[in-house]
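The values are calculated or read from the model by the stated rules, or taken from the named source; none is laboratory data. None of these values were measured; they are calculated from a predicted model. A quick note on method: Cβ atoms are made from the backbone with ideal geometry, for glycine too, and the neighbour counts reach across all protein chains shown. The protein model used for the area step is the full one, side chains on, heavy atoms only, and it has no ligands, DNA or RNA in it. Shrake-Rupley method; radii C 1.70, N 1.55, O 1.52, S 1.80 Å.
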Amino acid sequence: MWVHFNISLFYLVLFVLGNHVLNSILMATIVSRVASSLANYSINHRVVFNHAGSQTLIKYGCLFIVQMLASGFFTDLLTTLLPATNGQLVPTLAKMIVDFILFIISYQIQRDVIFKEGPQHV
């Protein structure tokens with residue numbers, strides 16, 4: 001659900017801005033990521049990783065910033081490599097491809113670093 005919200009908001013912001021140059025793609029990425037990441041962190045922390053890890057909000061915040069910037073820049077790069085069109089379809093498609101790859105990487109980082117269970121104390 002949050003993926004659809006993220007992509008839909010990205011598309012909407014690009015539509016409002018009226019173009020798909022780097023600044024617009026970064027702005028749309030920031031708006032969509034900030035809005036969806038708050039719920040995403042909460043669900044991951046509570047449900048997916050069962051409250052595991054320490055200082056998870058700080059670690060997640062660092063990952064969020066890196067992932068958001070990577071999403072914006074790689075979406076812009078891929079948009080320039082795909083056939084040009086007027087509109088939001090190509091950058092939205094590029095974002096879906098980039099964010100899918102980043103999702104896989106992000107999940108592994110969350111599992112292995114951010115929400116990693118510490119040693120059990122007996």
Would you check which residues across the range 7-25 are within 11 Å of Pro91 (Cβ to Cβ), open to solvent by 60 Å² or more (accessible area, probe 1.4 Å) and part of a helix (DSSP H, G or I) and list them?
Tyr11, Phe15, Leu17
Do you know which residues across the range 26-57 are surrounded by 12 or more Cβ atoms within 10 Å (Cβ to Cβ) and assigned to a loop (DSSP other than H, G, I, E, B)?
Phe49, Ala52, Gly53
Arg33 among the charged types (D, E, K, R) and within 13 Å of the chain's Cα centre (by Cα)
yes
For the range 58-77, indicate whether the set of residues that are β-branched (Val, Ile, Thr), surrounded by fewer than 13 Cβ atoms within 10 Å (Cβ to Cβ), more than 24 Å from Ser8 (Cβ to Cβ) and at pLDDT 90 or above is non-empty.
yes
